[in-house]
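The structure under discussion appears below in the form of structure tokens.
Laboratory data are not the source of any read-out in this text; all were calculated from the coordinates shown. This one's a predicted model, so the numbers in the text were calculated from it and none came from an experiment. We place every Cβ from the backbone using ideal geometry, glycine too, and count neighbours over all the protein chains shown.
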Amino acid sequence: WSDTGQWSDASGGNTSSLTPQSNSKLIFDNNSFSQAVHTVTLDQDYEVAGIVSLNNKEVTFDLGGNTLTVSGSVIIGAPRFTITNGTLILKNENADQTFNIDLDQTKTSNLQLVIADDNAATWTINSSDLSLSALSVLNGTCSVSNSELNLSDLTVGNSATFIGIRNVSIQMYASMRD
């Protein structure tokens, strides 16, 4: 992740000599990787403005036990994309904003999803089948529809709101707490 020779400002473009910053939107498309199989490894905690992956390559996004904080939508429409080994924190202080968490077809392993304490936005989970080691909704609003959530742990904070829970199946494999 911190290798400046791995990032570009344009699809398939030359390296930018920069790493993603808190205002960067990460876009993984078919021009992002020269190999058919690629791993992106987070080597420390980072913050970005959003993540979009629309490609047909086999990509593993290994958080390396670290935390990636995202202030905008997370849309993974790539059937061979895997997110593993860490925490995605979602936060945005703008109460008038709604952001999507679309991990449809995405494989997950040892992934925690946290809607942060300092969040005011609404986050909408649109994933037909999502397995998480933990889902924590600590503040703001979370909407879930047409989803099957497989969770080891679910935490809902006192200031958090779940709305629009429609056509949802939740399978718990451990504890649920508030």
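Here are the numbers:
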| item | result |
| --- | --- |
| Mean separation of Cα contacts under 8 Å, 6 or more apart, over the residue count of segment 96-178: relative contact order % | 25 |
| Unit charges at the beta carbon, dipole of the chain: most positive-side option, Val59, Ser136, Thr69 | Val59 |
| Long-range amide H partners of Cys142 with built H, under 5 Å | Trp123, Thr161, Phe162, Ile163 |
| Relative contact order %, the chain, counting alpha carbon pairs below 8 Å whose residues are six or more apart | 12 |
| Sites Asp9 and Lys107 - FRET efficiency at Förster radius 35 Å, r taken between beta-carbons, to 0.05 | 0.75 |
| Total charge dipole magnitude, the chain, about the Cα centre, Cβ charges on Lys, Arg, Asp, Glu only, Debye to nearest 20 | 320 |
| Relative contact order (percent, whole number), segment 22-71, Cα cutoff 8 Å, 6+ residue spacing | 46 |
| Pair Thr41, Phe162: separation of 7 Å Cα→Cβ label points (nm) | 3.7 |
| Taking only Cα atoms of segment 38-178, radius of gyration then Dmax in Å | 13.9, 41 |
| Within-14-Å neighbourhood charge of Leu90 [Cβ basis; K, R +1; D, E -1] | -4 |
